[in-house]
1. Counting other C-beta atoms within 10 Å, and keeping those with at most 16, which DSSP coil GluC sites (Glu not before Pro) do you find in the stretch 250-312?
2. Helix-only mean residue ellipticity at 222 nm, the chain, DSSP H runs n ≥ 4 weighted -39,500 (n - 2.57), per residue, nearest 500. What is it?
3. With charges only on Cβ, +1 for K and R and -1 for D and E, what is the dipole size of the chain about its Cα centre, in debye, rounded to 20?
4. For the chain, just the Cα atoms, rotate onto the principal axes and tell me the three extents in Å, largest first.
5. How big is the dipole moment of the stretch 180-269 about its Cα centre under a simple scheme where the beta carbon of each Lys and Arg is +1, that of each Asp and Glu is -1, and everything else is neutral? Debye, nearest 20, please.
6. Taking the convex hull of the Cα atoms, report for the stretch 21-264 its projected area averaged over all directions, in nm².
7. For the stretch 159-232, which chymotrypsin sites (Phe, Trp or Tyr not before Pro) are in a loop by DSSP, counting at most 15 other Cβ atoms within 10 Å?
8. Assuming R0 = 35 Å, can you tell me the calculated FRET efficiency for the pair Asp223 and Glu371, based on Cβ-Cβ distance, to the nearest 0.05?
Amino acid sequence: MSIITHMTRTWLTRSFRPFRFRSEYDEVLPYGECENLGLYVHIPFCGSICDFCPYCKVQYDRATCDRYIDALLKEIRMVGGQYPGKKTVTSLYFGGGTPALAADRLGEIIDAINEHFTITEGIGLELHPDNVKPAILRKMKAAGVTKISIGIQSFSGRYQSILGRAAVDPEALREALAEVGFETVSMDFIFALPGQTFEDLRADIDEAFRIGANHVAIYPFIDFTFTKSTVKTMPKKQKRALLDRITKYCAAKGYNRSTIWTFSSEANARYSSMTRDNFLGFGCSATTLLKEQFKINTFSVDAYCERIAQQKLPTSLTTRFTRRQRMVYYLFWTAYSTKVDPAAFERFFGVPLRKMYGFELWFAKLLGFVEVRDGVYSMTLKGAFYYHYYENFYTLAYIDKMWGIMRNEAFPEEIKL
Ligand SMILES: C[S@@+](CC[C@H](N)C(=O)[O-])C[C@H]1O[C@@H](n2cnc3c(N)ncnc32)[C@H](O)[C@@H]1O
Ligand code: SF4
């Protein structure tokens, strides 16, 4: 593990204790009292597999997808039925893989969710550009989807071929999106690809807003060790210059920075499945974050279906937090929204943020990473870059290791991070 993430974790949790994930789980998940709870559903199928992609996915075939969705409906009902009545949740996000491939069965999944939960802030779903067709969009809208996110990666043929993806036709997307509207239309881009310039990235963002997006996500390219990708990563200095310039460009255009990597042209356009205090995840590889625990489902589609057939939860690993570990987890993901509100922290933990992390906040202010606006800690441009930089370390030290193991073992005994 990287020495940086190890030292930071030890300092912030005030303990040498690692995050220890074990092969055990609660049969009844303690989400009944959780406020600000979100839902996530994972659909692990893709039309074709991209070499650079770390997510849990397999090649689509109709029969496996149907078998998986039958199991998914059971998992939703198994967990949702653990408490009487309907639990209020903020949002439901479908991620993948390519969930739009299951457009025909989306209505069934959302109905199962609606039996046990009341969603207050809409339903989001990820699409591949190939799925952006009026007939598919209409099905999704009829099922209740209000936000969509399209994995463009780049409008430039050059970067698409570096990534091994087919070129995207912006006019076809524009026409389909003009025909079927959604509250949020987000487009994903990958930046910091070899040779990529500010002008390239600006052209992508301008094109996205021109053809109907009101939200864009620009993700830095991450080279996961277990993927087959041969794409080179960009040196730190060049990456920082790119991120700073694009952030300033978006600010000058009046776009709102809703998280570290997302910008919106309209105030109500939002797409983020990450910035929630607690969430329940359904499907392969889906994670669940509750007040005192974090758990992760098996990555294997077959093992997932078998567990469900035995009327058991498909949980592969669970970690139980110390209080400080949960605080660090909370702060890390809340900071992703570029802001940390001390009042929200105190509501969640029942203790003032300054009491727990007063020194760190003072030091972050001194270094110019954060400033206080209306009582809320907001990340500066410099802070956002270093957060992004640290997140990269975290991804490679924790997520890369964990996913690398879990894609080979359906139920590992233990993982220590
Ligand atoms: C599940 S995919 C989106 C939907 C659809 N499967 C597609 O590819 O169009 C989620 C997003 O993760 C991002 N992504 C995947 N691999 C990445 C990597 N190695 N580094 C950075 N971003 C990555 C891409 O922007 C991708 O659109
Ligand atoms: S980037 Fe999207 S389409 Fe490509 S393998 Fe990953 S999830 Fe599938």
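1. When the GluC sites (Glu not before Pro) of the stretch 250-312 are filtered for loop state and at most 16 Cβ neighbours within 10 Å, Glu266, Glu292 remain.
2. Values: 14 runs with 163 residues, N = 417.
Per the formula, -12000 deg cm²/dmol.
3. Values: 53 positive and 45 negative charges, 293 e Å.
Using only the charged Cβ atoms, the result is roughly 1400 debye.
4. Principal extents (Cα only, largest first): 56, 50, 40 Å.
5. Values: 12 positive and 10 negative charges, 104 e Å.
For this selection, approximately 500 debye.
6. Working: hull surface 58.1 nm².
Over all viewing directions, the stretch 21-264 projects a mean Cα-hull area of 14.5 nm².
7. Qualifying residues, ordered by number: Phe226.
8. Details: r = 33 Å, r/R0 = 0.93.
According to the calculation, E is roughly 0.60.
The numbers here are math on the coordinates, done by the rules we state, and not lab data. Just so you know, these numbers come straight off a predicted model, no measurement behind them. Here Cβ is always computed from backbone atoms with ideal geometry, including for glycine, and neighbour counts include all displayed protein chains.
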